[in-house]
Amino acid sequence: MSTVISRSACTILVLSACQTPGAEIAQAFAETGAHVIVMGGDAQGLRQIAAASPERIEPLFVKGGQVEALRVLVDAWGAEPLDLVVNLMPLAYPHHITEQMRGLSMIMRTFGHGLVAGKGSLVSVVARPDDPLALVEQGLCGALGAAGAALGDAVASKSMRVHTVTVPKQKPERAVDTLLFLVGAQARRIKSTTFDLTQ
């Protein structure tokens, strides 16, 4: 899918970028001309992602757990404008609902001012398992959707949005086209919502 992002200085941040489909997301946005920052704890994996488009993709290696790393970045990021923060932590740690709620809170604390400055979106990608009895993973889908909706309502007046994209567990790459759409001019008029791509 070929997408042209409306703002040439578009900045995209991908959290847990070494998690599939992080590399595909980074490359798709780089091809639109966006500046992409890939963040995670695997330095070699981040370098490999960045090597595909070194002029567009910048690796940001963080030690320790991602939530703790976000705490360190709270003061460092400030109000640098962001068009999109892609949260892949739910794909990396699908059995940790409490940790994912903490992560969502820390993302807002760390990058909220940047998202407001860029009138951007925070998008969490979560996988729905085929097994309806995989209750923890099924629960994570509902919990993130509800948390995203509540956050979206809280920040709606600041012209930013909080979305959740639910993908099939075996096909997380389905999120890529939706993420590309969400930085376009039309998507900026969409209220915070959940996109279910499992059908």
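Could you check Ser105 against (1) in contact with a Pro (Cβ under 8 Å, 6 or more places away or on another chain); (2) open to solvent by 10 Å² or more (accessible area, probe 1.4 Å); (3) without any contact (Cβ under 8 Å) to a residue 60 or more places away in the chain and say which number it fails?
So Ser105 meets the others, but not (1).
Which of the residues spanning the stretch 40-54 are at pLDDT below 95 and over 17 Å from Phe29 (Cβ atoms)?
Gly41, Asp42, Ala43
Just give me the residues in the stretch 38-51 being surrounded by fewer than 20 Cβ atoms within 10 Å (Cβ to Cβ) and touching a residue at least 12 places away in the same chain (Cβ under 8 Å), in sequence order. I'd like the intermediate steps shown before the answer.
Kept after step one, since they are surrounded by fewer than 20 Cβ atoms within 10 Å (Cβ to Cβ), are these residues of the stretch 38-51: 41-45, 47-48, 51.
Residues satisfying the conditions are Gly41, Asp42, Ala43, Gly45, Arg47, Gln48.
Inspect all residues belonging to the stretch 137-155 and state whether any of them is part of a loop (DSSP other than H, G, I, E, B) and small (Gly, Ala, Ser).
no
Within the stretch 159-175, identify whether any single residue is assigned to a helix (DSSP H, G or I) and within 26 Å of Ala79 (Cβ to Cβ), and answer yes or no.
The answer is no, given that none of the residues of the stretch 159-175 is assigned to a helix (DSSP H, G or I) and within 26 Å of Ala79 (Cβ to Cβ).
Search the stretch 10-37 for residues that are of a type in the set (Phe, Trp, Tyr) and pair each with any residue that is modelled with pLDDT of 95 or more when their beta-carbon atoms are under 6 Å apart and the residues are at least 6 apart or on different chains.
Pairs that qualify, where the first residue is of a type in the set (Phe, Trp, Tyr) and the partner is modelled with pLDDT of 95 or more, are Phe29/Ile12; Phe29/Val36.
Take the stretch 155-199 and flag every residue that is small (Gly, Ala, Ser) and open to solvent by 70 Å² or more (accessible area, probe 1.4 Å).
Across the stretch 155-199, the qualifying residue is only Ser157.
Do we find a residue being closer than 22 Å to Ala30 by Cα, over 15 Å from the mean Cα position of the chain (by Cα), outside any loop (DSSP other than H, G, I, E, B) and touching a residue at least 24 places away in the same chain (Cβ under 8 Å) anywhere in the stretch 125-136?
Among the residues of the stretch 125-136, not one is closer than 22 Å to Ala30 by Cα, over 15 Å from the mean Cα position of the chain (by Cα), outside any loop (DSSP other than H, G, I, E, B) and touching a residue at least 24 places away in the same chain (Cβ under 8 Å), which makes the answer no.
Just give me the residues in the stretch 52-87 being open to solvent by 70 Å² or more (accessible area, probe 1.4 Å) and either over 15 Å from Met106 (Cα atoms) or acidic (Asp, Glu) (or both), in sequence order.
Passing the criteria: Pro54, Glu55, Arg56, Glu58, Phe61, Lys63, Glu68, Asp75, Glu80.
Which residue, of Ile107, Ile25, is at pLDDT below 95 and within 13 Å of the chain's Cα centre (by Cα)?
Ile107
The values are calculated or read from the model by the stated rules, or taken from the named source; none is laboratory data. All figures in this text were calculated on a predicted structure; none of them were measured in a lab. FYI the Cβ positions are ideal-geometry reconstructions off the backbone, even for glycines, and counts take in every protein chain you see. These accessible areas exclude ligands, DNA and RNA; they are computed on the full protein's heavy atoms, side chains included. Shrake-Rupley method; radii C 1.70, N 1.55, O 1.52, S 1.80 Å.
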